[in-house]
Amino acid sequence: MEKILVLDFGGQYDLLIARRVRELGVFAEIKPYNKISLEQIKSEGYKGIIFTGGPNSVYEESSPRFSAEILNIGVPLLGICYGHQLIAYLAGGEIRSAGSISEYGKTEVEIKKCTLFENIPEKSVCWMSHTDFVSRLPDGFETTAVTSSCPCAAMACEKRRIYGVQFHPEVTHTEYGKTLLSNFLFGVCGCSGDWKMDDFIEKTVAEYKEKLKGKRVLCALSGGVDSSVAAVLMHRAVGDNLVCVFVDHGLLRKNEGDDVERIFRGKFNIKLVRVNAEERFLSKLSGVTEPEKKRKIIGEEFIRVFEEESRSLGKVDYLVQGTIYPDVVESGKGDASTIKSHHNVGGLPSVIDFEGIVEPLRELFKDEVRSVGLKLGLPEYLVMRQPFPGPGLAVRIIGDITKEKADTLREADAIFREELEKADVRPSQYFAVLTDTRSVGVMGDARTYGHTVALRAVTTDDFMTADWTRIPFEILETASRRITNEVKTVNRIVYDITSKPPATVEWE
Ligand code: XMP
């Protein structure tokens, strides 16, 4: 299989580079610069190498470097930002600090003809983010691009197939970034672009078959996209040595628990332990109204239940986690101000004794995970579905939680989702919330005093910010009529028209 090495020097866009390369149909592998030797690089047969950006300055003592010998192994190289400077430095050029004229943001770049810039106009917009710049080119290189303040925005040594760009072709703000990367892969490295998700599946399954031979593997299955795909992928690798534990905390959506059981045990023949812990969770939550407290209780109880179950399974060697790339980035950010304490299985390893953790999806973006899921035969409705928070309906029932309220919300939520899906309107996330407001209504000739349900739908790319979705009134009308008719105790429906910020997606 042809592949590209993304040699990581600590940049913030490393995975984005790999993703872009994969989007172009070539497999990209990321290796930190200090975790792979020159010998390994030579023996892996890479078609090309991309040096990533990084926060350092090449002259600092502690800066990440690589043996200059890499320039002589005959594999095409592309350096990006710090990678560009490092190549210049290793090849004998000079780097200087631009001091007060550092460039940041969208910048006009003027290019000269070279293989890397095929089909790119002479002037276009690129994304810059740097303080240092290449002040003297190494022998044999020529400047191939400039900006108004950067005299070497790109350089090339066509003969040795070595290139460097000061800007970031991997971000969408660089107008012709994709063309540039495609020129490197196909024009310079001679790739054929035949990589598919099937190759990822094959490679990952083969790798874990070997690594986990004879080991017992445990997976905390939530029924969400990531843990589901991770479980099925691991099942391919280790078969019956995989056991999935699915904790049903009683705050799942309508039919969700039974669906999980049907799919994983029924369709895939995976060993599945379903823990019906509704009563246990509801009793812990009884009378609790404070949102953070609810989250904490559920998170802790989840770990406790999972711990008990895994103990009863005897010795387990590995824990599978459905970590995906955005989780890796999020946790690396060390965000100091907690808005909500998120619940997922991230806290498990510290309380359970495992030999190791396997995270087969940690290099994939959500859309790539979905495409793996479909290829593995998971049903489309599961793979394509909207996110659902770990604490489930607990953060959508305002005030104290009871089984009656959870059942009421489950019904209302199912109707709202059904109406949207029937009309093929699919916001990024859509659900119902059971408020703690009661109001007076009239049904037949009788007075009612019922619950108010809020409907919520948002449109977003990243869930960090979100806009409320302009759902057609007809859908809202039908959903409102059906919920008030079909769900006992609900007599009023409101639609949430707040964006994030100032609100959040969930109500708690
Ligand atoms: P907020 O409410 O913070 O939600 O705007 C942003 C996204 O995160 C989801 N969410 C969670 N996901 N565990 C999760 O796995 C949680 O505890 C959790 N809380 C919120 C929310 O559904 C939305 O997609």
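In square angstrom, what is the accessible area per residue of the chain with a 1.4 angstrom probe?
I get 45 Å² per residue for this part.
Mind jotting down a quarter of the surface of the convex hull over the alpha carbons of segment 13-124, in square nanometres, one decimal?
Over every viewing direction, the Cα hull of segment 13-124 projects on average to 8.5 nm².
Quickly work out the residue 38-to-residue 293 label distance, labels modelled 7 Å from Cα along the C-beta direction, and quote it in nm with one decimal.
Between residue 293 and residue 38, the simple spin-label model gives 6.4 nm.
Roughly how much of residue 296 is accessible, in Å² to the nearest 10, using a 1.4 Å probe?
100
If Rh is defined by the Kirkwood formula over all Cα pairs and Rg also comes from Cα, what ratio Rg/Rh do you get for segment 197-383?
Expressed as Rg/Rh, it is 0.95.
I'd like the accessible area for residue 384, computed on protein heavy atoms only with a 1.4 Å probe and all protein chains in place. Round to 10 Å², please.
That residue has around 100 Å² of solvent-accessible surface.
Convex hull over the Cα atoms of segment 222-314, averaged projected area in nm²?
6.5
Over segment 3-188, what percent of the accessible surface lies on carbon and sulfur atoms, probe 1.4 Å?
After summing per-atom areas, the C and S share lands at 46 percent.
Take the Cα of residue 283, step 7 Å along the line toward its Cβ, and report every residue of segment 374-416 whose backbone nitrogen sits under 16 Å from that point.
402-403
Share of segment 342-452's accessible area from carbon and sulfur, percent, 1.4 Å?
49
What is the list of residues in segment 68-85 whose amide nitrogen lies under 19 Å from a point 7 angstrom out from the Cα of residue 115, following Cα to Cβ?
70-80, 84
Let me spell out the model: positive unit charges on the Cβ of Lys and Arg, negative unit charges on the Cβ of Asp and Glu, origin at the Cα centre of segment 448-508. What dipole size does that give, in debye rounded to 20?
340
Students sometimes get this wrong: rank 148, 62, 228 by accessible area, probe 1.4 Å, all chains present, largest first.
148, 62, 228
At 7 Å along Cα-to-Cβ for each site, give me the label-to-label distance between residue 1 and residue 500 in nm.
Using points 7 Å along Cα→Cβ, the separation is 3.3 nm.
Quick one: P(r) of the chain from all Cα-Cα pairs, 20 Å bins, percents rounded to integers, in order of increasing distance.
20, 44, 30, 6, 0
Excluding residues fewer than 8 places away in the same chain, name every one of the aspartates and glutamates whose C-alpha is closer than 13 Å to that of residue 403.
278, 279, 411
Taking loop as defined by DSSP and a crowding limit of 12 other beta carbons within 10 Å, which trypsin sites (Lys or Arg not before Pro) in segment 5-44 fit?
Here the trypsin sites (Lys or Arg not before Pro) that fit, given the DSSP loop and packing criteria, are 35.
Suppose every K and R has +1 on its Cβ and every D and E has -1 on its Cβ; what is the size of the dipole of the chain about the Cα centre, in Debye to the nearest 20?
For this selection, approximately 620 debye.
Using a Förster radius of 41 Å, what is the FRET efficiency between residue 448 and residue 255 based on their Cβ-Cβ separation? Nearest 0.05, please.
0.90
Quote the FRET efficiency, to the nearest 0.05, computed for residue 312 versus residue 207 with a Förster distance R0 of 35 Å and r equal to the Cβ-Cβ distance.
0.70
Using the crude model of +1 on Lys and Arg Cβ and -1 on Asp and Glu Cβ, and no other charge, please compute the dipole size for segment 3-188 relative to its Cα centre, in debye to 20.
I would put it at about 400 debye.
Report the one residue of 53, 507, 134 whose Cα lies farthest in the direction of the positive end of the charge dipole of the chain (charges on C-beta: Lys and Arg +1, Asp and Glu -1; origin at the Cα centre).
Selected residue: 507.
So for the chain, taking the charge dipole from beta-carbon charges (+1 Lys/Arg, -1 Asp/Glu), which of 15, 495, 281 sits furthest toward the positive end?
Most positive-ward Cα: 281.
Fully extended, how many nm does the chain gain between residue 148 and residue 262 (0.36 nm per residue separation, minus their Cα-Cα distance)?
That works out to 34.8 nm of additional length.
First obtain the Kirkwood hydrodynamic radius of segment 396-495 from its Cα pairs, then insert it into the Stokes-Einstein equation at 10 °C and 1.306 mPa s, and state the resulting D in µm² per second as a whole number.
It diffuses with D of about 113 µm²/s by this estimate.
Calculate, in nm to one decimal, what residue 474 and residue 173 gain on full extension: separation in residues at 0.36 nm each, minus their alpha carbon distance.
Result for the pair: 104.5 nm of gain on full extension.
The values are calculated or read from the model by the stated rules, or taken from the named source; none is laboratory data. Remember, predicted model here, so these are calculated numbers, not experimental data. Ideal geometry is used to build each Cβ from the backbone, glycine not excepted, and the neighbour counts take in all protein chains shown. These accessible areas exclude ligands, DNA and RNA; they are computed on the full protein's heavy atoms, side chains included. Shrake-Rupley method; radii C 1.70, N 1.55, O 1.52, S 1.80 Å.
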